[in-house]
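Here is the structure we will look at.
The values are calculated or read from the model by the stated rules, or taken from the named source; none is laboratory data. Treat the numbers as computed from the prediction; the structure is a model and nothing was measured. Backbone-built Cβ (ideal geometry, glycine too); neighbour counts: all protein chains shown. All accessible areas refer to the heavy atoms of the entire protein, side chains included, with ligands and DNA or RNA removed. Shrake-Rupley method; radii C 1.70, N 1.55, O 1.52, S 1.80 Å.
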Amino acid sequence: ERMEATGAEMQDGKWVKDGEPVVIHFIIRTDLWKNKEIGDMFSDALEEAGFTVDRMYKTRDEASPIVFGSDPTEGVWNLYIGGWGAEGLARDESWVWGFFYTNLGLGVPLWQAYDVPEEAFDVAQKLWNGEFETIDERTELMKEATEFYTAWNTHMFVVELPGFQPYRSGIE
């Protein structure tokens, strides 16, 4: 329904708009654990749904300037499978909603282009700034954020690989 609302139509199992196939430009990182395989799995599913997928295989050094430096409205890329590292397990990740789903997170063009509904932004900003008095209030804000950002999603995390960072004392 959404594809048809944009003027696209299904022809011989492929989405077509204005006589051209609907192409999804998908940057797939090749230098991270299983990213190529996961990117190919998503690409296969999109192709089965009728889209034409431009699989753009790239390393971090090749992908980062495009994903984090280009204007997202130019359509150079539509999907990106990358990775996000964390230094450990956090006790409180209420900041995540503001970081990943609003323009509070990073000053790069992609993040600054997010046009979040005001009500969703307000919830994320309260969590970002710690504007709650009790754990129950925080929990309610987290529930609201989950509802908003499941419906309005800019990032989808599909694999979490908890790990550890070995170190040796005496090294700086």
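Numbers below:
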quantity	calculated
Debye equation applied to the C-alpha atoms of the range 1-115, log10 I(q)/I(0) at 0.09, 0.16, 0.17, 0.21 Å⁻¹	-0.32, -0.92, -1.01, -1.23
Selected from Asn129, Asn78, Asn103 as most flexible by GNM, with the chain as the system and alpha-carbon contacts under 10 Å	Asn129
Protein accessible area in the range 1-136, 1.4 Å probe - carbon and sulfur %	50
Qualifying lysines (Cα of each under 25 Å from Cα of Lys36; at least 8 residues distant if same chain)	Lys14, Lys58
13 Å beta-carbon shell around Ala8, net charge (K/R +1, D/E -1)	-2
Rounded accessible area per residue of the range 1-107, 1.4 Å, Å²	63
Packing rank of 22-30, 40-48, 116-124, where each peptide gets the mean count of other beta carbons within 10 Å, highest leading	22-30, 116-124, 40-48
14 Å beta-carbon shell around Ala113, net charge (K/R +1, D/E -1)	-3
Amide proton proximity set for Met56, modelled H, under 5 Å, gap of 5+	Phe26, Ile27, Ile28
